[in-house]
Amino acid sequence: MNRAAPTSTKTVRGVTLHGEPARETCFKVVSTDAEMAEWPDFSEQSRRERLHRHMNNECSAMEIAAQAVADFTDAPWDLRMAIARQAADESRHVAILHRRLKEFGGTKGEFPVSNYEWCVTGMIDNLPGRLAIENRTFEAGLIDILGQLKTTWRAAGDDRTADALEAILADEITHVRFANRWIRRLTEQQPGVLLLVAQAIRFLRAVNTALMPQVGETNTVGFTFTAEKQQAPAVDVDGRLEAGFTEEEVLEVLKQAGFRSILPAHVR
Amino acid sequence: MALSVRERADTFGTLRYVSVFAMETLARWVPTTPDLEAKVVFGRHIWDFAQHADGLGKRTHELRAALHYTLPPLPSYQAALDTLRASEATGDRVAMFYQAFLPDHEARYRRFLESTDPFLDEPSVRVVERNLADLPRMIADAAALRAERPDIGAGTAAASALARQLAAADAYVQHRSPAANVTESLA
């Protein structure tokens, strides 16, 4: 389940990443958070930017799944089916968010976009590694973010967007669950798969360390990154358990997210 | 005379090859097509072809071939498929896939239905009917994309050329010699 090295690459802050996927010229594609136009408030402009950013992230997820279908032709058929389904789900998510963006008076290309997930995942030449990064890490992180965001949008009186995010969350849980199951199955069949997963996660950590915005750094709209902003979102415990993470794994995520102090002493 | 069990397995194996080829072609196009609305249509249909391939591949086993038995087509039809996959402009991709390849694919399914005994081979007929039911929706999705994005280009000349190439590759099933091996997936 290996494929050749990426055909194009780019270097950002000393890290080599996969080249960008195709985008229309209306999009300004950037590589770091500091180059994005992210507002901390919930103004009309901020709402459009949030939908626009989420739409492009779903587009990246669709491209990653599609590329895996194209790259790993010798993967087990049932796994290929699951990834093909994921590509279709992500495609629907893009369409849902694009529709909502237009309902808000927004347009594609209105704000800068970053294809971070694609550029990181595309550097991994094996399927277990890509599943570990895209599904088990990025999409699992999205479970936490969406668990929080649907409440935020609903509290702001926007049930339509909240409903959309809730539907997307259900799909993302499915994507993480099949990846968890397949990584376990592949590891049981071939213990060396664990090494591929570990290498992929190590690469992701190195990229995150290099690209994470520094406290005090300012983005293009003048927002300054703070220590609070760097914190991981609240962990969606139920969502993660539904997605096939074990209780031990969820506890580990809680610890990393800064909830160590509220956990029972025996698991800290 | 109706198709034999082996001939039906070979036809299904070839149709499965074509479905997997279509799935992989759309998958390759998603990251390499710039237009967002076209990406979305291609991405949605990857799953449709995966399901078609799955149904066909389960039926091949019932027809005494391997589970997910997959048989490459005759060279002239393969050449037409390669022409489709090699297209680059968004308009050409959309037109070639939805105005040339899919109607031809539908015609090949219908030819199978005409050549098999609907009672004797009822499970195969059901698989084909289920797959056929998806094709008008996919073609309608592409038509809606064209209506939304007329600027992506008509691709008429490319689609016409591919339609001619497909029509010239009327025979497409490469029936096995008795000693031939079966494969489970595309190389």
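Values in this text are rule-based calculations from the coordinates and carry no lab data. Bear in mind that the values here come from a model prediction, so they are computed numbers and not experimental data. Please note: Cβ atoms are built from the backbone with ideal geometry, for glycine as well, and neighbour counts cover all protein chains shown.
What helices does chain A have that are whole DSSP H segments, at least 20 Å long along their own axis by Cα, and with mean Kyte-Doolittle hydropathy of -1.0 or more?
A:77-103, A:140-155, A:159-189, A:193-211
Sum up the charges of everything whose Cβ sits under 9 Å from the Cβ of A:His52, counting Lys and Arg as +1 and Asp and Glu as -1, but leave A:His52 out.
Residues near A:His52 contribute +2 overall.
Measure nothing fancy, just the Cα-based angle from helix B:36-62's long axis to the longest principal axis of chain B, in degrees from 0 to 90, nearest 10.
Its long axis makes an angle of about 0 degrees.
What distance in nm lies between label points placed 7 Å from Cα along the C-beta direction at A:Leu195 and A:Glu228?
4.7
Counting GluC sites (Glu not before Pro) as exposed when in a DSSP loop with at most 15 other beta carbons within 10 Å, what is the longest stretch of chain B free of them?
Longest run free of exposed loop sites: B:89-183.
Tell me, what is the Rg over Rh of chain A, with Rh the Kirkwood radius over Cα pairs?
0.95
Counting Lys and Arg as +1 and Asp and Glu as -1, what is the net charge of the other residues whose Cβ lies under 10 Å from the Cβ of B:Glu24?
+2
Among A:Ser60, B:Ser115, which comes first, second and so on when ranked by fewest other beta-carbon atoms within 10 Å?
Listing A:Ser60, B:Ser115 from fewest to most nearby Cβ atoms yields B:Ser115, A:Ser60.
How do A:Lys150, A:Lys255, B:Lys39 line up, fewest other C-beta atoms within 10 Å first? Before the final figure, lay out the partial values.
On the way: A:Lys150 20, A:Lys255 15, B:Lys39 28.
Lowest to highest Cβ neighbour count: A:Lys255, A:Lys150, B:Lys39.
So how strong a dipole does region B:5-168 carry about its Cα centre when Lys and Arg Cβ are +1 and Asp and Glu Cβ are -1, to the nearest 20 debye?
That gives a dipole near 200 debye.
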